[in-house]
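Quick note: the coordinates plus some simple rules give every number you see, no bench work behind them. Just so it is clear, the structure is predicted and the values come from calculations on it, not from any experiment. No Cβ is skipped: glycine too gets one built from the backbone with ideal geometry, and neighbour counts run over all protein chains shown.
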């Protein structure tokens, strides 16, 4: 779950809805970014399904007593997530080996997993590295090759752009933005660093602009009132809150 707090409510987006937004953004890439269009549909599938493991976790939000807010993807216990990350990638692999490769590479790039000596993380890294090697061999690709690196970066840029929408109040100034995005995004493509800013409440400017033209996308989101949460608990409050739809336009600028 992605959670943004305000005075009166918790704005909550499921990871899968965030991933769908990532895919909708990716659908506007200029063809040149793919290098080889053979894998285009697999890349878009990977982007749409990259948080598939979260679908089960997000069915019922859980309250974090320590910070007095719903658990989000940032603070949900790591060792509870790892088995579902693996299941999610297993399900993606049933749809597309190349999409599963990109999703697996995405998760094994996470430093808390990659750099951990905890047995669960070590086992996860070993399992996913084996999966990656098997898929690379099957598709006659080399680890770290330009093609795979480019496609992984495309996934991670769209992940960042979607999170930029989810984590920031619409129209936020640079000073008000989530700290991850006040400077350039962490993902660069072809040595280009990307920067975004809110132009107004419904438009986001992006430079450089890797897309064919300006475009509009939408995001399902729930604004769960703190009052309702206090009365019924986060699970029922979330279930009883209707989805809103937030529309955003990405523009060159």
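Relative contact order (percent) for region 2-252, with alpha-carbon contacts under 8 angstrom and 6 or more residues of separation? Please list the in-between numbers first.
Details: 366 pairs, mean separation 63.0, N = 251.
Reported relative contact order: 25 percent.
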> For region 128-147 and region 27-57, what is the separation of their Cα centres, given in Å?
Replying inline: 17 Å
> Arranged from highest to lowest average of other beta-carbon atoms within 10 Å per residue, in what order do the peptides 83-93, 201-211, 30-40 appear?
Replying inline: 83-93, 201-211, 30-40
> Between residue 173 and residue 214, what is the spin-label point distance in nm, taking each point 7 Å from the Cα along the Cα→C-beta axis?
Replying inline: 2.4 nm
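Return the ratio Rg/(2.2 N^0.38 Å) for region 56-101, where Rg is computed over Cα atoms only.
Details: Rg = 13.6 Å, N = 46, 2.2 N^0.38 = 9.4 Å.
Relative to the 2.2 N^0.38 Å estimate, region 56-101 comes out at 1.44.
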> 222 nm [θ] for the chain, helices only, -39500 (n - 2.57) per DSSP H run of 4+, per residue, to 500?
Replying inline: -14000 deg cm²/dmol
>> I need 121, 103 ordered by Cβ neighbour count within 10 Å, fewest first.
In response: 121, 103
>> Please state the shape class of region 12-67: rounded when a/c is under 1.5, otherwise prolate if a/b exceeds b/c and oblate if not, all from the C-alpha gyration tensor.
In response: prolate
> What's the FRET efficiency of residue 244 with residue 200 using the Cβ-Cβ distance as r and R₀ = 25 Å, to the nearest 0.05?
Replying inline: 0.85
> In Å, what is the Rg of the alpha-carbon atoms in region 2-252, and how long is Dmax?
Replying inline: 18.4, 57
> When only Cα pairs under 8 Å and 6 or more residues apart are kept, what is the percent relative contact order across region 110-253?
Replying inline: 17 percent
> Can you list the residues of region 168-209 with backbone N under 14 Å from a point 7 Å past the Cα of residue 30, pointing along Cα to Cβ?
Replying inline: 189-193, 207-209
>> Antiparallel versus total DSSP beta bridges in region 2-252: what percent is that, nearest 5?
In response: 85 percent
> Where does each of 159-168, 1-10 land if you order them by average Cβ count within 10 Å, highest first?
Replying inline: 159-168, 1-10
